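Visitor: Got a structure for you, written out below as structure tokens; questions coming shortly.
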Amino acid sequence: MSLPDFSGTTPQERLASLRRSVAGRIVFTTSFGLEDQAITHMIREGGHDIEIVTLDTGRLYSETHAVWAETEQRYGLRIRSFHPDPQALAALLDDWGANGFYHTKDARLACCGVRKVEPLKRALAGAEAWVTGLRADQSQARGDVMAIEFDTGRGLAKAAPLHDWSREDVARFCETNGVPVNALHAQGYPSIGCEPCTRAVKPGEPERAGRWWWEQDDAKECGLHVDADGKFVRAKEAVQ
Ligand code: SF4
């Protein structure tokens with residue numbers, strides 16, 4: 001299957017190319033981090049018909065809900081939220097307990113599966129393209145992130161308009177454009193996920209060191225961007 005047009009030297013140009021070349025639904029999933037806030041701004045300023053959705057895991061920081069509300073107000077939109085299936089959540093808690101994710105990797109993956117991966121599947125159902133805030137220099141595991149790829153598991157094109165931007169590029173863009181940002185970023189949280197699984201990083205630590213910090217392996221991901229073997233999904237094709 002051929003990939004849609006994602007040409008352009010700026011993220012804004014890439015989003016415009018994508019929207020022009022995809023006939024069907026395009027979904028952008030935001031977790032309200034710095035990158036996602038920049039993309040929300042670009043989508044709204046560009047007037048693109050790209051659906052903005054989020055996964056409300058039930059364990060998010062209050063600061064994340066605050067910037068969610070601020071974003072809806074600033075851009076005059078309602079961000080559709082997807083939640084864990086109640087029965088699956090009850091079974092998860094029965095099996096592993098309230099904070100079982102601290103004890104075994106299986107429990108952690110099961111929790112991410114119920115709270116993130118399955119809701120994401122519903123969020124992307126019927127979409128032809130998925131926009132993400134991934135950047136290549138976020139971590140070693142994400143080093144091969146390219147502009148666009150075909151996500152064979154989900155049967156859609158997966159696009160990363162900020163793939164070649166640095167953290168500083170994104171921060172500068174948000175500051176210049178007055179984009180609302182999560183208050184936790186200023187408190188040492190470059191990457192923000194669920195409250196029990198995120199901590200601040202120390203100066204010099206990698207951006208994602210504060211995510212699942214008790215796990216020792218390098219490729220710490222929640223399952224949204226990994227394949228069936230648990231490896232980070234790498235791009236198959238790059239488009240400039
Ligand atoms: Fe559960 Fe932590 Fe994954 Fe959130 S990040 S879904 S609390 S294991």
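What follows draws every value from the coordinates through simple rules; no lab data is involved. Values in this document were obtained by computation on a predicted structure and should not be read as measured data. Neighbour counts run over all protein chains shown; Cβ positions are idealised from the backbone, glycine included.
Visitor: Mind telling me which of D85, D36, D94 comes out most flexible in a GNM of the chain, alpha-carbon contacts under 10 Å?
Guide: Of D85, D36, D94, the Gaussian network model singles out D94 as fluctuating most.
Visitor: Using the Cα atoms of the range 1-83 to build a convex hull, what is its mean projected area in square nanometres?
Guide: For the range 1-83, averaging the hull's shadow over all directions gives 6.2 nm².
Visitor: Run lengths n ≥ 4 of DSSP H only: what is the helix-derived mean residue ellipticity at 222 nm for the chain, with -39500 (n - 2.57) per run over all residues, to the nearest 500?
Guide: -9500 deg cm²/dmol
Visitor: Additional query: If you find the alpha carbon centre of the range 169-215 and of the range 83-154, how far apart are they in angstrom?
Guide: The distance from the Cα centre of the range 169-215 to that of the range 83-154 comes to 19 Å.
Visitor: Considering all projection directions equally, how large on average is the shadow of the alpha-carbon convex hull of the chain, in square nanometres?
Guide: 12.3
Visitor: Can you tell me the orientation of helix 62-75 relative to the chain, as the angle in degrees between its alpha-carbon axis and the longest Cα principal axis, to the nearest 10?
Guide: 20
Visitor: To the nearest 0.05, how large is the calculated FRET efficiency for T10 and E72 if R₀ is 41 Å and r is the Cβ-Cβ distance?
Guide: 0.95
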